[in-house]
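Shown next, in structure tokens, is the structure this report addresses.
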Amino acid sequence: MPSADGFIKSTAGGRFAATFVIDELMYNFSGSFASSVPAFTCNTASITYSSLKNLNSTRSFDGRVGPSKVELKLANGPVINGVLDMPLSPGSTVSGSGVWTQN
């Protein structure tokens, strides 16, 4: 399956943005967590996907944030993961939704 490198940044308000460069285009996945998650940054994120067609529309996800890693599994297949820049303790399971855009 293809993969790409990028980053994820979240705010204490439960919103996040993940950005990946694929074939010289920026793919942005922005959304919010259903529950409270501390702010975090992951500058070494990657996404694995089966087709670029999966990186569109609004998508729900579930996964885990912390203590040292982040993993978001999108409902239609792609997986975003990486090592957090600063550990979060305790880790927590997460869910929510986001929307894909391209630049």
(message) Filter segment 5-16 down to the residues that are aliphatic (A, V, I, L, M) and surrounded by fewer than 16 Cβ atoms within 10 Å (Cβ to Cβ) and list them by number.
(response) 12
(request) Can you give me the number of residues within segment 33-50 that are modelled with pLDDT of 95 or more and open to solvent by less than 40 Å² (accessible area, probe 1.4 Å)? (result) 7
(request) For segment 51-73, name all the residues that are in contact with a strand residue (DSSP E or B) (Cβ under 9 Å, 6 or more places away or on another chain), in contact (Cβ under 8 Å) with a residue 12 or more places away in the chain, under 24 Å from residue 89 (Cα atoms) and open to solvent by 40 Å² or more (accessible area, probe 1.4 Å). (result) 62, 64, 68, 69, 73
(message) Which condition from (1) at pLDDT below 95; (2) buried (at least 16 other Cβ atoms within 10 Å of the Cβ); (3) of a type outside the set (Lys, Arg) is the one that residue 90 breaks?
(response) (2)
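The values are calculated or read from the model by the stated rules, or taken from the named source; none is laboratory data. Computed from a predicted structure; not experimentally measured. Here the Cβ is made from the backbone with ideal geometry for all residues, glycine too, and neighbour counts use every protein chain on show. When the accessible area is computed, the model is the full protein with side chains, heavy atoms only, and any ligands, DNA or RNA have been set aside. Shrake-Rupley method; radii C 1.70, N 1.55, O 1.52, S 1.80 Å.
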